[in-house]
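Reading through the structure tokens given below for one structure.
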Amino acid sequence: MIILYSTEGCHLCEMASDLFKQLNLLDDVSIVDIAFDDALFSRYGVTIPVVNISGNELNWPFTLEQLKEWLNKNGVTYHS
């Protein structure tokens, strides 16, 4: 499962989401709003967007190419 830690109104999070859209993976991403969880907000409040697969994290900033490489390393196939 791909998790994107985000919050409403975060333009960087929207940019990260757009990268997943370009890879046709947006439907496979669970977007978790950190604003409603104190522990998540404490952990990710200044670093979102953050992508997580099985505990492996990719922190912003990342490019489309960096995201592709990271997804490959984590066994995720995509169609761009």
Computed [θ] at 222 nm, helices only, for the chain once each DSSP H run of length n ≥ 4 contributes -39500 (n - 2.57): -10500 deg cm²/dmol
Cα-based helix-to-principal-axis angle, 64-73 vs the chain, degrees rounded to 10: 80 degrees
Helix axis angle, 11-22 relative to the chain longest principal axis, alpha carbon, degrees: 20 degrees
Spread of Cα-to-Cα distances over 10 Å intervals beginning at zero, given as percent, for region 2-73: 21, 60, 19, 1
In sequence order, calculated HN-Hα J values of region 24-37 (Karplus, 6.51, -1.76, 1.60; Hz; x Gly/Pro): 6, 10, 4, 5, 9, 9, 8, 8, 10, 7, 6, 5, 9, 9
Point-charge dipole on Cβ atoms (K/R +1, D/E -1) for the chain, about Cα centre, debye to 20: 240 debye
Furthest towards positive pole of dipole, Ile31, Ser6, Gly75, structure part the chain, Cβ charges: Gly75
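A short reminder: the numbers here are calculations on the coordinates, not readings from a lab. This structure is a prediction, so every number in the text was calculated from the model and none was measured. Counting neighbours? That spans all protein chains shown, and the Cβs are built from the backbone with ideal geometry, glycine included.
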